[in-house]
Amino acid sequence: FAKDGTITAANASSISDGASALVLTTEAHAKAKNLAPLARIVATSSNSQHPSEFTTAPVGAIQKVLDKADWKAQDVDLWEINEAFAMVTMAAMDNFNLDSDKVNIHGGAC
């Protein structure tokens with residue numbers, strides 16, 4: 001981090017290594033290759049609000065996705081909510097009355 005820089009420990013990802021991959025295809029291609037999908041993307045969304053309220057921004061995005069999918073929070077089998085700060089996940093859990101046994105079962109973001 002530069003002494004007078006704009007990237008700080010408070011606004012950047014933690015210093016760590018990691019990797020991931022996501023393979024997407026069409027239903028027709030999966031069938032043609034005899035592949036069984038592991039999941040499907042039902043809806044996507046983004047949400048922004050004032051930076052001082054960043055801890056509750058995911059709540060708005062979650063609500064938009066639920067509305068697009070015509071789902072209730074209880075229709076979701078498993079929740080993976082980024083939790084660089086515990087309050088982010090706690091706000092979503094409180095707002096949607098999420099079962100803690102279905103939230104970040106493999107740990108959070110950090």
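Restricting the first member to region 66-86 and to residues that are in contact (Cβ under 8 Å) with a residue 40 or more places away in the chain, and the second to residues that are small (Gly, Ala, Ser) and surrounded by fewer than 17 Cβ atoms within 10 Å (Cβ to Cβ), the beta-carbon pairs closer than 6 Å and six or more apart or on different chains are 84/109.
Of all the numbered requirements in (1) β-branched (Val, Ile, Thr); (2) farther than 30 Å from residue 75 by Cβ; (3) touching a residue at least 24 places away in the same chain (Cβ under 8 Å), residue 56 misses one, and that requirement is (2).
Among the residues of this structure, residue 79 counts as one that is in contact with a strand residue (DSSP E or B) (Cβ under 6 Å, 6 or more places away or on another chain) and either surrounded by fewer than 14 Cβ atoms within 10 Å (Cβ to Cβ) or not acidic (Asp, Glu) (or both). Taking the criterion of being closer than 25 Å to residue 14 by Cβ and small (Gly, Ala, Ser), the residues of region 56-105 that qualify are 57, 60, 61, 84, 86, 91, 92, 100.
In region 12-36, which residue that is under 22 Å from the mean Cα position of the chain (by Cα) and surrounded by 10 or more Cβ atoms within 10 Å (Cβ to Cβ) is farthest from residue 81 (Cα to Cα)?
Taking the candidates together, the pick is 25.
Throughout, read-outs are computed from the coordinates displayed, never taken from laboratory work. Just so it is clear, the model here is predicted, and its values are computed rather than measured. Note that we place each Cβ from the backbone using ideal geometry, even for glycine, and neighbour counts take in every protein chain shown.
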